[in-house]
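The structure under discussion appears below in the form of structure tokens.
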Amino acid sequence: MRRFLPAALIFLTLGPMPGTTFRYPVVDTSQTASARPLLHPAGDTGSLRFVRGWRLTSRNSLFGGFSALAYRGDGRFLLVGDNGEGTRLTLGADGSVSDVTIAALPTPPRSPKRKAFTDAEAMVLDPATGKLWIALEGINQVWRIDAGLTRVESRRRSPALYRWPANRGPEAMVRLADGRTILFSEGEDRNDFGTEALVYTDDPAVPGKPPTLFYYDDEGKGQVSDAAPLPDGRILLVHRKLGLDPLFTTILAIVDPADIGKGRVVRSVAIGQVPEPLHENYEGAAVAVEDGRTILWLVSDDNFNRWQRSLLLKFELVDLPDSKKAAR
């Protein structure tokens with residue numbers, strides 16, 4: 001029952017229902033985008049110091065629905081939508097947008113033409129090779145895609161992952177410096193411990209050693225919508241909490257990988273939340289280091305609704321709790 005209200009809110013406000021107004025009645029494949037600066041003052045909310053933000057728009061019919069984000073440096077972004085489209089763009093310091101490419105991510109040969117094979121919800125980019133790992137909800141698989149985003153090199157559907165319900169499957173994925181990959185479910189909680197999560201010690205897109213199961217207790221922060229590694233080795237988690245007013249609340253928290261182990265229940269320490277004027281459905285996160293500062297990028301999923309926005313926000317992370325303070 002504790003998941004009933006959030007599930008109902010998602011269905012009523014985001015799902016395809018009579019009266020829902022979607023964008024793009026006419027197909028447009030133009031390769032352009034723009035970024036309009038958000039008028040919000042810089043300031044702190046907990047450990048989040050707002051730097052700048054933009055509303056991203058494009059005439060392209062497939063632009064939006066962003067559920068994962070990778071930052072390549074020098075203003076270069078890869079945004080992946082849950083419609084299976086990848087958007088590559090460069091955001092200049094003046095807010096100009098260039099080098100835009102909007103195209104479908106590859107799918108395996110002879111794959112069915114259905115949404116489950118395009119519903120990318122999480123992404124990891126290897127900066128050394130440019131290869132991409134994506135987690136797909138619906139079919140509950142992890143794919144590895146080549147650096148040119150032209151073909152699926154490998155895919156894996158482990159029994160532990162496949163048992164997650166199609167609508168509560170993989171939602172966040174993070175790769176640690178020691179090579180482990182951690183996959184968080186959106187809300188698989190058929191137990192009293194918390195939502196299920198998996199640890200892969202090998203390539204999660206290649207059939208191999210079974211992953212290790214642990215549990216994440218969000219303690220009321222909301223469902224995990226993305227994750228990113230911090231420079232100190234800990235994990236930043238993005239939580240999406242649904243309500244009535246506001247509809248979306250985004251809470252950021254930190255998990256220490258040292259707490260993760262087989263069958264363990266892991267908890268996090270909240271560090272702040274997105275300011276109210278910037279509330280949206282944030283599903284993509286990336287962390288970078290600029291001039292010694294730890295930078296957090298967030299992107300929102302507009303669900304292709306006219307009343308929602310594709311927002312790209314830049315925060316500096318300040319005064320984070322150290323590992324000892326974060327320990328429970």
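No value in this document is a laboratory result; all are computed from the given coordinates. Remember, it's a predicted structure, so these values are computed and weren't measured experimentally. Don't worry about glycine lacking a Cβ; one is built from the backbone with ideal geometry, like all the others, and counts go over all protein chains shown.
Panel order for Ser185, Ser58, by other beta carbons found within 10 Å of each beta carbon, from fewest to most: Ser58, Ser185. Among the trypsin sites (Lys or Arg not before Pro) in the stretch 53-139, those located in a DSSP loop and surrounded by at most 10 other Cβ atoms within 10 Å of their own Cβ are Arg110, Lys113, Arg114.
Between the stretch 267-328 and the stretch 199-245, the C-alpha centres lie 14 angstrom from each other. Compared with the rule-of-thumb size 2.2 N^0.38 Å for a compact globular protein, the chain has a Cα radius of gyration ratio of 0.93.
Comparing Cα centroids, the stretch 78-94 and the stretch 51-73 end up 5 angstrom apart. The magnitude of the dipole of the stretch 210-304, with charges of +1 and -1 set on the Cβ of Lys/Arg and Asp/Glu and taken from the Cα centre, is near 400 debye. Taking the helices alone, the chain has a mean residue ellipticity at 222 nm of -1000 deg cm²/dmol, built from -39,500 (n - 2.57) per DSSP H run of at least 4 residues and averaged over all its residues. Once you have a ≥ b ≥ c as the square roots of the Cα gyration tensor eigenvalues for the stretch 232-305, tell me rounded if a/c is under 1.5, and otherwise prolate or oblate according to whether a/b is larger than b/c. It comes out oblate by the Cα gyration axes.
What shape does the stretch 144-186 have by the C-alpha gyration tensor, where a ≥ b ≥ c are the square roots of the eigenvalues, rounded means a/c under 1.5, and otherwise prolate means a/b greater than b/c and oblate the rest? The shape class here is oblate. For the chain, a simple Cβ point-charge model (Lys and Arg +1, Asp and Glu -1, everything else neutral) yields a dipole of about 720 debye relative to the Cα centre.
Note that the stretch 173-179 has calculated 3J(HN,Hα) couplings of 9, 9, 10, 8, 5, 7, x Hz, one per residue in order, obtained from phi through the Karplus relation 6.51 cos²θ - 1.76 cosθ + 1.60 (θ = phi - 60°); glycine and proline are x. Taking a ≥ b ≥ c as the square roots of the eigenvalues of the Cα gyration tensor, the stretch 26-170 is prolate, since a/c reaches 1.5 or more and a/b is larger than b/c. Report the paramagnetic label zone for Arg36: residues of the stretch 248-263 whose backbone N is under 20 Å from a point 7 Å from Cα along the Cα-to-Cβ axis. Hits in the stretch 248-263 for Arg36 at 20 Å: none. Whole-Hz Karplus values for the stretch 81-92 come out as x, 6, 9, x, 9, x, 10, 9, 7, 10, 9, x Hz, taken residue by residue from phi with 6.51 cos²θ - 1.76 cosθ + 1.60 and θ = phi - 60°; glycine and proline positions read x.
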